[in-house]
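*Asks:* Structure incoming, see below.
The values are calculated or read from the model by the stated rules, or taken from the named source; none is laboratory data. Being a predicted model, the structure only gives us computed values, none of them experimental. We place every Cβ from the backbone using ideal geometry, glycine too, and count neighbours over all the protein chains shown. Only protein heavy atoms, including side chains, enter the accessible area calculation; ligands, DNA and RNA are left aside. Shrake-Rupley method; radii C 1.70, N 1.55, O 1.52, S 1.80 Å.
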Amino acid sequence: MTSLNNNTKINGAKNKFSEIKLKARAVARGVAIGKVVCLHGRKRQFYRINLEESQIEKELRRFKAAIRLAKRQLKKISTTDSNNSKLSVFDAHLLILEDRSLQDKIEKNIVSQKINAEWAVKVVTERYIATYKAIADEHLREKYIDLEDVADRILAALGGGGKTNLRLEKNSIIVAREVKPSTLIELTDSNPKAIITENGGWTSHTFILAREINLPAVTGMKGILRRVQTGDEVIVDGFNGHVIVNPSKESTEKYKIAAAQFQEFTHRETEPIDEKLKTLDGFEIKIRANIDLPRGYMRAKQLGAKGIGLYRSEFLFNQFKGFPTEQEQLKEYRNIAKLAGEDGVRIRTFDLSAEQLTEENARKEINPALGLRAIRLVLTHKKEFSTQIRALLQASFENKIDIVLPMISDVSEILETKKLIETEKARLRKRKINFGNPRLGAMIEVPAAVLIADEIAHEVDFFCLGTNDLVQYLLAVDRDNETVADWFRTLHPAVLRSIKTILRAAEQNNIQAVICGEMAGSPVYVAILIGLGATELSMNVNSISRVRRIISHIAYEEAKEITDALLKLPTADAVENSVREKFLAKWSHLFSADILPQRKLQI
Ligand code: PEP
Ligand code: MG
């Protein structure tokens with residue numbers, strides 16, 4: 001995080017009255033002015049809430065219920081985990097949890113400070129943890145780790161009791177190390193104005209979601225939680241990656257205009273667009289929408305989207321705080337299919353990682369992106385997978401639904417899924433329940449799938465090209481880790497050549513291929529995708545207008561000529577330089593001189 005002026009105090013100390021300008025990485029467009037709300041917590045995110053006297057009794061009951069839930073969980077694990085002779089780590093956690101003085105202190109804090117249980121847990125356990133960390137004896141000192149685990153467990157349990165009360169004040173700007181997609185979904189009801197985080201990349205789900213709901217966001221702000229506190233005034237410029245803490249009168253006035261323009265733009269009514277989208281030389285390009293929150297589809301349709309190219313069903317897991325039942329899923333899938341109508345929806349089966357399922361898994365999954373995730377997870381949780389397949393089969397009766405399988409790396413995963421689909425069809429038939437015959441597609445997003453694209457094409461009806469994961473896995477660079485964001489090179493030759501291979505395999509095997517990663521919503525990348533031969537793009541609703549404009553102003557033949565040359569270049573730098581040079585030479589009316597800037601939003 002770089003400071004832009006001299007007002008920044010050394011060691012992160014804050015002067016309440018001076019303006020501090022900070023540089024960040026822009027990941028969702030827009031400008032907002034508001035008040036900081038600091039989010040804490042890992043698995044379960046929370047912030048300080050000041051309670052009314054009348055809310056305290058209820059808060060104490062909520063805390064006690066969470067303690068009971070946490071104890072039940074620990075007892076269950078310690079019986080399965082115990083090796084009889086030794087006290088397991090979970091027994092040790094249980095002892096801490098049963099310690100009356102810890103509970104008393106937390107309860108006292110809730111009452112005397114009039115604060116929510118989460119905040120009281122944080123304050124009290126942090127005090128204990130600091131004391132343990134100061135002990136000279138190494139064995140005793142390490143007990144702080146157990147305390148951290150117990151605190152996490154109580155916090156998770158506090159969020160585990162159905163709908164919680166995460167409600168933000170008006171004009172809140174969320175500040176956090178990182179914001180989980182589930183937290184953001186929960187917070188959207190109270191209409192936050194922007195997000196500032198330390199960590200996360202432009203393809204992180206949280207920021208994909210932020211762009212979907214027009215929530216300005218910036219990331220890469222190391223140490224931000226030490227520099228601001230809840231209640232501070234702050235401005236977020238999600239176009240240029242600027243954050244201004246304690247803004248001066250002049251800055252506030254200047255940004256007020258920009259923020260108002262942004263609000264006006266996001267609410268602007270548009271004339272429905274119905275004509276086909278074609279390049280200047282007449283090649284038709286189909287635009288679909290990536291929809292995580294169904295309410296966004298009507299706007300996407302208005303802007304010319306023809307159906308939903310990607311519906312991430314795992315968002316239901318966040319919404320229902322666990323696997324939704326067959327009936328719950330059926331209702332959601334029918335709902336989204338009705339919205340999409342004749343243009344259809346591609347529903348991706350749960351792309352979850354094991355660490356999202358339980359606390360215990362979270363400890364085991366050292367590298368979740370390479371762990372028990374997506375298709376692997378559902379094939380090891382067949383009961384839940386069968387439930388989802390049954391819901392999808394029923395929902396596709398008289399509705400246009402396709403099924404997409406995430407993270408395919410081997411044909412056997414598709415064959416196993418097909419078998420499951422047949423089994424579930426037979427069951428439904430026997431029970432005389434109507435079902436449809438959804439087409440089956442595979443996400444092509446890991447390098448192995450690129451290399452066996454032909455074999456996969458023989459087994460599926462279409463490809464969904466997941467460029468977010470494709471870049472992550474091809475370049476071995478974590479898409480959620482800001483520290484390595486400069487290595488996330490979307491225009492790396494390996495990425496471009498892989499996309500070409502996939503599109504060619506689809507064409508030769510006569511199946512459809514839709515690009516549905518974030519690349520498909522970026523004007524610069526879109527011109528390259530068209531040149532590589534893409535004919536279907538599925539994107540964030542808020543990218544549609546910009547992308548339509550590019551497509552209708554370029555010729556496929558021109559784009560192809562440029563990308564054919566790009567494919568021969570040896571490095572990402574060479575590709576990016578060539579893109580800058582050629583795009584500006586050919587399409588200066590479409591792209592500005594700062595095309596592909598270092599830390600500016602590219603989408
Ligand atoms: C992708 O990987 O590009 C993709 C579309 O899926 P997700 O972002 O959900 O991983
Ligand atoms: Mg993916």
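*Asks:* For the chain, build the charge dipole from Cβ charges (+1 Lys, Arg; -1 Asp, Glu) around the Cα centre, then report which of A337, G436, Y144 sits farthest towards its positive end.
*Replies:* The residue sitting most towards the positive pole is Y144.
*Asks:* To continue, here is another question. Full extension from E328 to N437: what is 0.36 nm times the residue separation minus their Cα-Cα distance, to one decimal in nm?
*Replies:* 37.2 nm
*Asks:* For region 317-355 and region 272-315, compute the distance between their C-alpha centroids and round to whole Å.
*Replies:* 18 Å
*Asks:* To check my understanding: the extent here is largest minus smallest coordinate of the Cα atoms along each principal axis. What are those three numbers for region 53-157, in Å, largest first?
*Replies:* 48, 34, 19
*Asks:* Next question, about the same structure. Taking amide hydrogens as modeled 1.01 Å from N in the peptide plane, which residues meet the under 5 Å criterion relative to A28, leaving out close sequence neighbours?
*Replies:* Under 5 Å from the amide H of A28 lie the amide H atoms of A217, each far enough along the sequence or on another chain.
*Asks:* Could you check the simple spin-label distance between V111 and K321, using points 7 Å along Cα→Cβ, in nm with one decimal?
*Replies:* Taking the two extended label points, one gets 2.6 nm.
*Asks:* How much accessible area per residue does region 252-371 have, in Å², with a 1.4 Å probe? Please report the intermediate quantities before stating the final value.
*Replies:* Values: 6100 Å² over 120 residues.
Here the per-residue accessible area is 51 Å².
*Asks:* Taking the Cα centre as origin and putting +1 on Lys and Arg beta-carbons and -1 on Asp and Glu beta-carbons, what dipole magnitude results for the chain, to the nearest 20 debye?
*Replies:* Working: 93 positive and 79 negative charges, 285 e Å.
So the magnitude is around 1380 debye.
*Asks:* Does anything in region 97-125 have its amide N under 20 Å from the 7 Å Cα→Cβ label point of E57, and if so which residues?
*Replies:* Residues 107-117 fall inside that zone.
*Asks:* If you don't mind, another one. Can you list the equivalent-ellipsoid semi-axes of region 155-253, largest first and in whole Å, using the square root of 5 times each Cα gyration tensor eigenvalue?
*Replies:* Working: eigenvalues 106, 49, 36 Å².
Listed largest to smallest, the semi-axes of region 155-253 are 23, 16, 13 Å.
*Asks:* Hey, what D do you get for region 505-603 in µm²/s if you plug the Kirkwood alpha-carbon radius into Stokes-Einstein at 25 °C and 0.890 mPa s?
*Replies:* Working: Rh = 14.1 Å.
The estimated diffusion coefficient comes to 175 µm²/s.
*Asks:* Separate question: Using label points projected 7 Å from each Cα along Cα→Cβ, tell me how many nm separate K382 and I135, to one decimal.
*Replies:* Once both label points are built, they end up 4.8 nm from each other.
*Asks:* Which far-off residues, 5 or more places away or on another chain, put their amide H under 5 Å from the one on H40, with H placed in the peptide plane?
*Replies:* Close amide H contacts, sequence-distant or interchain: F46, Y47.
*Asks:* Follow-up question, since we're still on this one. As an exercise, use a Förster radius of 45 Å and the Cβ-Cβ distance of T266 and R127 to find the FRET efficiency, rounded to the nearest 0.05.
*Replies:* 0.55
*Asks:* Which Cα, out of I550, A534, V579, lies furthest along the positive dipole direction of region 528-603 (beta carbon charges, K/R +1, D/E -1)?
*Replies:* Value computed over the given set: I550.
*Asks:* Here is a further query. With viscosity set to 0.692 mPa s at 37 °C, what whole-number translational diffusion coefficient in µm²/s follows for region 286-595 from Stokes-Einstein and a Kirkwood radius over Cα pairs?
*Replies:* 163 µm²/s
*Asks:* With unit charges on the beta carbons (Lys and Arg positive, Asp and Glu negative) and the dipole taken about the Cα centre of the chain, which residue among A134, F207, I244 sits farthest to the positive side?
*Replies:* Farthest towards the positive pole: A134.
*Asks:* Run down the aspartates and glutamates and flag those whose C-alpha is under 14 Å from the C-alpha of K338, throwing out any fewer than 8 positions away in its chain.
*Replies:* E398, D402
*Asks:* Across region 357-435, how many lysine pairs, 8 or more apart or on two chains, come within less than 19 Å at their alpha-carbon atoms?
*Replies:* Final tally of qualifying lysine pairs is 11.
*Asks:* What percentages make up the Cα-Cα pair-distance distribution of region 388-449 when the bins are 5 Å wide from 0?
*Replies:* 4, 18, 27, 21, 15, 9, 4, 1, 0
*Asks:* Using only the alpha-carbon atoms, how far is helix 556-566 inclined from the longest principal axis of the chain? Give it as 0 to 90 degrees, nearest 10.
*Replies:* With both axes taken from Cα atoms, the answer is about 60 degrees.
*Asks:* To test your reading of the geometry: what angle, between 0 and 90 degrees and rounded to tens, separates the Cα axis of helix 382-395 from the longest principal axis of the chain?
*Replies:* That works out to roughly 50 degrees.
*Asks:* Cα centroid distance between region 165-215 and region 437-487, in Å?
*Replies:* The two parts, judged by their Cα centres, are 26 Å apart.
*Asks:* OK, next. Could you pull out the pairs from K105/K133; K76/K105; K170/K222; K71/K143; K64/K143; K23/K256 whose alpha carbons sit more than 21 Å apart here?
*Replies:* Those over the limit are K76/K105; K170/K222; K64/K143.
*Asks:* What does the accessible area per residue of region 53-157 come to in Å², with a 1.4 Å probe and no ligands, DNA or RNA counted?
*Replies:* Spelled out: the 1.4 Å probe surface of region 53-157, per residue, equals 57 Å².
*Asks:* Please list, in chain and number order, the residues 5+ apart from K306 or on another chain whose amide H is under 5 Å from its amide H, with Hs placed from the backbone.
*Replies:* Result for K306 returns I287, R288, A289.
*Asks:* Now for a different question. Take every Cα-Cα distance within the chain, group them into 20 Å bins from 0 onward, and report for each bin the whole-number percent of pairs it holds.
*Replies:* 18, 50, 28, 3
*Asks:* Please work out how much length the chain gains when fully extended from V89 to D281, using 0.36 nm per residue of separation minus the C-alpha to C-alpha distance, in nm with one decimal.
*Replies:* 62.4 nm is the gain from fully extending V89 to D281.
*Asks:* Per residue of region 95-107, in order, report the coupling 6.51 cos²θ - 1.76 cosθ + 1.60 (Karplus, θ = phi - 60°) as ³J(HN,Hα) in whole Hz, putting x for Gly and Pro.
*Replies:* Per-residue couplings from phi come out as 4, 4, 5, 7, 5, 4, 5, 4, 4, 4, 4, 5, 4 Hz.
*Asks:* State the percentage of accessible surface on the chain attributable to carbon and sulfur atoms; use a 1.4 Å probe and exclude ligands, DNA and RNA.
*Replies:* The nonpolar share, carbon plus sulfur, comes to 51 percent.
*Asks:* Considering only protein heavy atoms, what per residue accessible area in square angstrom results for region 508-603 with a 1.4 angstrom probe?
*Replies:* It amounts to 38 Å² per residue over region 508-603.
*Asks:* Here's a follow-up. Sequence gap at least 6, Cα distance under 8 Å: using those rules, report the relative contact order of region 484-552 to the nearest whole percent.
*Replies:* Relative contact order, region 484-552: 30 percent.
*Asks:* A follow-up question, please. Between T501 and A593, what length comes free when the chain is fully extended (0.36 nm per residue of separation minus the Cα-Cα distance, one decimal in nm)?
*Replies:* 30.0 nm
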